[in-house]
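A.B. asks: Can you keep this structure in mind? I'll have questions shortly.
The values are calculated or read from the model by the stated rules, or taken from the named source; none is laboratory data. Treat the numbers as computed from the prediction; the structure is a model and nothing was measured. Virtual Cβ from ideal backbone geometry, glycine too; neighbours counted across all protein chains shown. Remember, those area values only see protein heavy atoms, side chains included, never the ligands or the DNA or RNA. Shrake-Rupley method; radii C 1.70, N 1.55, O 1.52, S 1.80 Å.
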Amino acid sequence: MIGTTGSNVQQDRRAILQQFPILLGLATGLVCLGLLVAPFRSSAGLRAASFVFAFLILAFIWGKTRTFSIAVPQGGFFRASVLVWVGTVFVYCLSSNDVTTSLESWRGDVLTPVLAGLVCYNLCLTPQQVKPILLGLLVGLLILAGMVVVDPFQPVIGTHEPRYVNVGWLSTWVVLLASLLPLVWLVKWPKPSWAYAVGLVTLAALVVAAWFSANRIVWLCFGLMFGLYVVCNARVGRSLFVRLALLVVGAVVASLLFYLASTQRANAFPDAGVNGISILHQDDRLTIWREALNTIKDRPLVGYGYALEGAKMALAERFTKPEFRAVFRQAHNVVLNHAIQIGIPGALALLLLFAGLVHAFWQRCGSSADTTAIATCGLMLVAGFFLRNMTDDFFSRHAALLFGALLGLLLAVCDWRVAR
């Protein structure tokens, strides 16, 4: 089980923060509140304010004790990749046609997730801070699962606007939370049975929410994440046969669920005469990606402006069909979308960011069985989120906030440098 031993620096930071239990509890509560409300409509102000005030509490403790109680995760490549991404987007915002709009999006979609990661990294120094956050995320997941069961995705109704924003955001949220599932069993709860109960409830909620979202790529994300856990995590077992068997089973189950989800989508259009396989050939993404590449070729270095209407119009105007122009206003791929908005340098900065995140967790593998298991959760988080955004772009708003917060949380737990 996860303990709390660590380096002298980490022990000093932990000791400093624990001198202020009320403030520490308040900061943890603010993080729980911000993550709890994040997946719902009209929560932008509250979720951002929660993390800002949590950071101010940490800054107050730093100033009060005059000690370096706020730290940045170790890793030169990791730090450089984050700085390059943040700085590249910022520079392009300053050169856009609407600086104010671009900077507002940069603040919400780039700066706030980085702040969330920094807060969680410095706050989650013991299981006492991690467990409330996990439970808060579980409550939010159960609410989302209940809402999508009551009001599932309706592909034949283009104007459908559920209270959980939409199924794209919901399925992305589910993929992000799935990376924490092993952590639920590794954290030391008051009773061992609690870990199994929380884990099983979480697993059930993830599967239910994913199924009723009618999203297909989510099952491939789950398959990839499960495969990473089997390959990288020594807890699975040292037998090569067992690992290969688990990989085959995971791939078969993920493929089957992908097919069933495609069949479910096909059944919603009985007049089209398609099934779970033929509907894939009618997917419009190849057309969107082709026109996205052509859009990038026109302005490969400067782009059309970060988070601006001009970037959406530049792509939409390439379609001759009116129905395409009205719907396809983004590239349905996070890398292509960044290239359209802030040019190829912006897309490269994004790829560098994900490479830095992978490297950060990969470096933390091998210290101990527990550390490797948590670092593998980080690899699952980054890989699952990246794959989810290869067929759409949800690297913004509350999904980016959750991504940043979970990165900070998992890096913090890894850096406890624990042993079984």
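A.B. asks: Which residues, taken from segment 360-417, are touching an Asp or Glu at 6+ places or on another chain (Cβ under 7 Å) and either at positive phi or among the polar types (S, T, N, Q) (or both)?
C.D. replies: Of everything in segment 360-417, those that are touching an Asp or Glu at 6+ places or on another chain (Cβ under 7 Å) and either at positive phi or among the polar types (S, T, N, Q) (or both) turn out to be 396, 397.
A.B. asks: Starting from residues that are part of a helix (DSSP H, G or I) and of a type in the set (Lys, Arg), keep the ones in segment 293-330 and report whichever is surrounded by the most Cβ atoms within 10 Å (Cβ to Cβ).
C.D. replies: Applying the filter and picking the extreme gives 312.
A.B. asks: Does segment 166-204 hold any residues that are among the aliphatic types (A, V, I, L, M), more than 23 Å from residue 233 (Cα to Cα) and open to solvent by less than 10 Å² (accessible area, probe 1.4 Å), and which are they?
C.D. replies: 170
A.B. asks: Kindly evaluate residue 127 against the criterion of being over 22 Å from residue 169 (Cβ atoms) and open to solvent by less than 20 Å² (accessible area, probe 1.4 Å).
C.D. replies: Values: over 22 Å from residue 169 (Cβ atoms): yes; open to solvent by less than 20 Å² (accessible area, probe 1.4 Å): yes.
Yes; evaluated as a whole, the condition is true for this residue.
A.B. asks: Here's a follow-up. Of all residues in segment 390-402, how many are part of a helix (DSSP H, G or I), out of contact with any Leu (no Cβ under 6 Å at 6 or more places or on another chain) and not charged (D, E, K, R)?
C.D. replies: Going residue by residue through segment 390-402, those that are part of a helix (DSSP H, G or I) are 397-402.
With the extra rule that they be out of contact with any Leu (no Cβ under 6 Å at 6 or more places or on another chain), the set shrinks to 397-401.
Going one step further and asking which of them are not charged (D, E, K, R), we end up with 398-401.
Total meeting the criteria: 4.
A.B. asks: Name the residues in segment 31-55 that are in a helix (DSSP H, G or I) and either loosely packed, with under 13 Cβ neighbours inside 10 Å or of a type in the set (S, T, N, Q) (or both), would you? Let's see the steps before the verdict.
C.D. replies: If we filter segment 31-55 for residues that are in a helix (DSSP H, G or I), which is where we start, we get 31-37, 44-55.
Hits for segment 31-55 are 45, 50.
A.B. asks: Only one of these conditions is not met by residue 415: (1) out of contact with any Pro (no Cβ under 8 Å at 6 or more places or on another chain); (2) farther than 22 Å from residue 138 by Cβ. Which number is it?
C.D. replies: (1)
A.B. asks: Within segment 248-284, count every residue that is open to solvent by less than 60 Å² (accessible area, probe 1.4 Å) and part of a helix (DSSP H, G or I).
C.D. replies: Count: 13.
A.B. asks: Pairs please, first residue from segment 368-390 and more than 19 Å from residue 335 (Cα to Cα) and of a type in the set (A, V, I, L, M), second anywhere and assigned to a loop (DSSP other than H, G, I, E, B) and open to solvent by 10 Å² or more (accessible area, probe 1.4 Å), Cβ atoms under 6 Å, 6+ apart in sequence or on different chains.
C.D. replies: Listed by first residue and then by second, the contacts come to 369/420; 375/365.
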